[in-house]
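Trainee: Below are the structure tokens for one structure; questions will follow.
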Amino acid sequence: MKHTDIKEVLTNKEFIGQQVTVCGWVRTSRNSKNVAFVELNDGTSLKNVQIVIDKADDPDYKDLPRVGCSLKVTGTLVEGRNSAEINVTPADIVMLGDCPQDYPLQKKGHTLEFLRTMPHLRGRTNTFNAVMRIRSVLAQAIHQYYQERNFVYVNTPLITGSDCEGAGEMFRVTTIGYSNEYKTEDDYDAADFFGRRAGLSVSGQLEGEMAATAMGKIYTFGPSFRAENSNTPKHLAEFWHVEPEIAFAELEDVIEVAEDMVKHVIGTVLEKCPDEIAFFDAHFEKGLKARLEELISHEFGRVTYTEAIELLKKSGEKFVYPVDWGCDLQTEHERYLSEKVFKKAVFVTDYPKDIKSFYMKQNPDGKTVAAVDLLVPGVGEIIGGSEREADYDKLIAAMKDRNMNLDLYSDYLDLRKFGTVPHGGFGLGFERLIMYVTGVQNIRDVIMFPRTVGSIR
Ligand code: 4AD
């Protein structure tokens, strides 16, 4: 259908005085004595274009399109009071799809909770338009960051036979129902599609390490799945995961890439999405733009886990979860550190080995591992990573400590046998980054179709 994007019509001055055809959905419409006005939006821009309908030849004009109708309109683009408008007569309007009055987005100002009940329609609101545009620009900026620095984009499998994080959060993939016919779970797994137990991957890291120890620097960008029973504003059962993996790298190198990448992608959004950032600054978080500008122009904070525990203990705050060396940091602790102590993004390093995954490099103190999390104000953890244990014997020992089935990880262990190298990487939760960039506080509102515990459609 030949037409021009409303974004082009509103921003490209060359169209002024020309005849243009636009398509879109009616956001508002109103009749007055000699003219009628329709605000049309096609999703290419946060701003609507105003259609001014001259009723001179049709004083009884009654077919004013209702909110939600889809139209194709041809008319002359003129400079309006605030932005460009299109002058038309009723005959220049083609109704593509009528919309009855029970269209749920009749009015503005619906709550995000209400909009969550209609994932198929909420994309038509300004909030979701802005979120999705920022999401798209961030994704492109992530690819650009890595592509320009010799990282190879690798697609790791979504169906896997090994649990990367070992936290028992894998969704099971099966084509057969369990029955008494199987004597043991092993029998059941053996009869299943792959001949052994399979699940949806919680992380592409293990395969990412195989790729990085061949191609040097790689990144993945795809969905990860977690069957966590966490009904919180920052957990999804299906989230998008960016996982760079770097050979010949130690923890410091991993941290450097993480900080540089986060700054690069946020800088790109500030440059490419000024309208969307202004929208979130006005409606979601006052001072958002200044906060993002501040973030990209200052060094991130640094603290070890042990120091962080001391800071939390002497804070005098009443935390719901008690703080002691060895405990996992909860969102309330993470937010206290980034919001109250550092007042910016902060890397926490060297966590106790018992609360982290088997693959992390063991520090000489015998108690901690070379792990890193990046905590940001408003969200908490957005990145988790580490230097990997490159020593075969130490890795085996850590796996045995966790009662892991070594047979399932034989390919992974081979990497430590055949030319092992110091290497490391991290995982960035893409939706958590979007929350941070937009100020939107619930992860369900930064992905078109959220999957969370107890909720799918
Ligand atoms: O800290 P995590 O579990 O680390 C890993 O998966 C490593 N294998 C990454 C690596 O080193 N390659 O997860 C990494 C990030 C978290 O910091 C968080 O931002 C995000 O993934 N994440 C989730 N995001 C949304 N919903 C969930 N249920 C998430 N679980 C983790």
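Trainee: Within the stretch 1-156, what whole-number % of the accessible surface is contributed by carbon and sulfur, with the 1.4 Å probe and all protein chains included in the calculation?
Mentor: On the way: 4040 of 8480 Å².
Carbon and sulfur together cover 48 percent of it.
Trainee: Send over the semi-axes of the stretch 205-300's equivalent ellipsoid, whole angstrom and largest first, taken as the square roots of 5 times the C-alpha gyration tensor eigenvalues.
Mentor: On the way: eigenvalues 170, 85, 28 Å².
Gyration-tensor ellipsoid for the stretch 205-300: 29, 21, 12 Å.
Trainee: Using the Kirkwood formula over every pair of different C-alpha atoms, what hydrodynamic radius in Å results for the stretch 166-231?
Mentor: Here the Kirkwood hydrodynamic radius works out to 14.2 Å.
Trainee: Order 390-401, 95-106 from most to least packed using the mean count of other Cβ atoms within 10 Å. Don't jump to the answer; show the numbers that get you there.
Mentor: Details: 390-401: 15.6, 95-106: 12.1.
With the highest mean Cβ count within 10 Å placed first, the list reads 390-401, 95-106.
Trainee: Taking the Kirkwood radius as the inverse of the mean 1/r across Cα pairs, report the Rg/Rh of the stretch 128-254. Please report the intermediate quantities before stating the final value.
Mentor: Values: Rg = 17.9 Å, Rh = 16.8 Å.
Computed over Cα atoms, the ratio is 1.06.
Trainee: Here is a follow-up. Helix-only mean residue ellipticity at 222 nm, the chain, DSSP H runs n ≥ 4 weighted -39,500 (n - 2.57), per residue, nearest 500. What is it?
Mentor: Details: 13 runs with 134 residues, N = 457.
Estimated from H runs of four or more residues: -8500 deg cm²/dmol.
Trainee: Now for a different question. Contour minus end-to-end for ASP354 and ALA282, with contour as 0.36 nm per residue of separation and end-to-end as the Cα-Cα distance?
Mentor: 21.6 nm
Trainee: Looking at this model, which pairs from LYS7/LYS263; LYS7/LYS343; LYS272/LYS318; LYS183/LYS394; LYS108/LYS344; LYS107/LYS263 are more than 30 angstrom apart at the alpha-carbon? Working shown, then result.
Mentor: Values: LYS7/LYS263 27 Å; LYS7/LYS343 37 Å; LYS272/LYS318 41 Å; LYS183/LYS394 36 Å; LYS108/LYS344 34 Å; LYS107/LYS263 37 Å.
The answer is LYS7/LYS343; LYS272/LYS318; LYS183/LYS394; LYS108/LYS344; LYS107/LYS263.
Trainee: Probe radius 1.4 Å, ligands and nucleic acids ignored: give me the carbon and sulfur share of the accessible area of the stretch 339-457 as a rounded percent. Show your work: numbers first, answer last.
Mentor: Details: 2340 of 4780 Å².
Of all accessible area on the stretch 339-457, carbon and sulfur atoms account for 49 percent.
Trainee: Mind ordering 444-454, 39-49 by average Cβ neighbours within 10 Å, highest first?
Mentor: Working: 444-454: 16.6, 39-49: 19.5.
Those peptides, ordered most packed to least, come out 39-49, 444-454.
Trainee: Roughly speaking, what % of Cα-Cα pairs in the stretch 58-100 are separated by over 17 Å, rounded to a whole number? List each step's numbers first, then the result.
Mentor: Details: 389 of 903 pairs.
Value for the stretch 58-100: 43 percent of Cα pairs lie more than 17 Å apart.
Trainee: Bin all alpha-carbon pair distances of the stretch 6-103 at 5 Å intervals from 0 and give each bin's fraction as a whole percent.
Mentor: Cα pair-distance distribution for the stretch 6-103, in percent: 3, 14, 26, 26, 19, 9, 3, 0.
Trainee: Run the numbers on the chain and let me know its relative contact order in percent, using alpha-carbon pairs under 8 Å that are six or more apart. Could the numbers behind the result be given before it?
Mentor: Values: 833 pairs, mean separation 59.5, N = 457.
Worked out over the chain, it gives 13 percent.
Trainee: Can you check what the net charge comes to around ASN31, using other residues whose Cβ is under 10 Å from the Cβ of ASN31 (Lys, Arg +1; Asp, Glu -1)?
Mentor: Numbers: positive: ARG30, LYS33, LYS55, LYS62; negative: none.
Summing Lys and Arg as +1 and Asp and Glu as -1 gives +4.
Trainee: Related question: What number results when the radius of gyration of the stretch 228-383, computed over Cα atoms, is divided by 2.2 N^0.38 Å?
Mentor: Values: Rg = 16.7 Å, N = 156, 2.2 N^0.38 = 15.0 Å.
Taking the Cα Rg and dividing by 2.2 N^0.38 Å, one obtains 1.11.
Trainee: In addition: Under 18 Å Cα-Cα from LYS33, which aspartates and glutamates qualify once same-chain neighbours fewer than 8 residues away are excluded?
Mentor: Filter leaves ASP54, ASP57, ASP58, ASP60, ASP63.
Trainee: What is the Rg over Rh value, at two decimals, for the stretch 369-449, using alpha-carbon atoms and the Kirkwood definition of Rh? Show your work: numbers first, answer last.
Mentor: Values: Rg = 17.3 Å, Rh = 15.2 Å.
Ratio of gyration radius to Kirkwood radius: 1.14.
Trainee: Per 0.36 nm of contour for each residue apart, how much would the distance between ASP401 and ASP414 grow if the chain were fully extended, relative to their Cα-Cα spacing?
Mentor: Values: separation 13, 0.36 × 13 = 4.68 nm, distance 1.92 nm.
Taking 0.36 nm per residue and subtracting the Cα distance, the gain is 2.8 nm.
Trainee: What is the mean projected area of the alpha carbon convex hull for the chain, to one decimal in square nanometres?
Mentor: Working: hull surface 109.6 nm².
Reported value for the Cα convex hull: 27.4 nm².
Trainee: Something else: With Cβ to Cβ distances under 15 Å as the rule, what net charge do the other residues near ALA190 carry (K, R +1; D, E -1)? Intermediate results must be reported in sequence, preceding the final value.
Mentor: On the way: positive: ARG172, LYS183, ARG196, ARG197; negative: GLU181, GLU185, ASP186, ASP187, ASP189, ASP192, ASP407.
Here the count lands on -3.
Trainee: Averaged per residue, what accessible area in Å² does the chain show with a 1.4 Å probe, protein chains only?
Mentor: Each residue of the chain exposes 49 Å² on average to a 1.4 Å probe.
Trainee: Extending each Cα 7 Å along its Cβ direction at LYS108 and LEU121, get the distance between those two points in nm, one decimal.
Mentor: 1.8 nm
The values are calculated or read from the model by the stated rules, or taken from the named source; none is laboratory data. The structure presented is a predicted model; accordingly, all values stated were derived computationally and were not measured. Note that each Cβ is placed from the backbone with ideal geometry, even for glycine, and that neighbours are counted across all protein chains shown. Quick note on the areas: whole protein, heavy atoms, side chains included, nothing else; ligands and nucleic acids left out. Shrake-Rupley method; radii C 1.70, N 1.55, O 1.52, S 1.80 Å.
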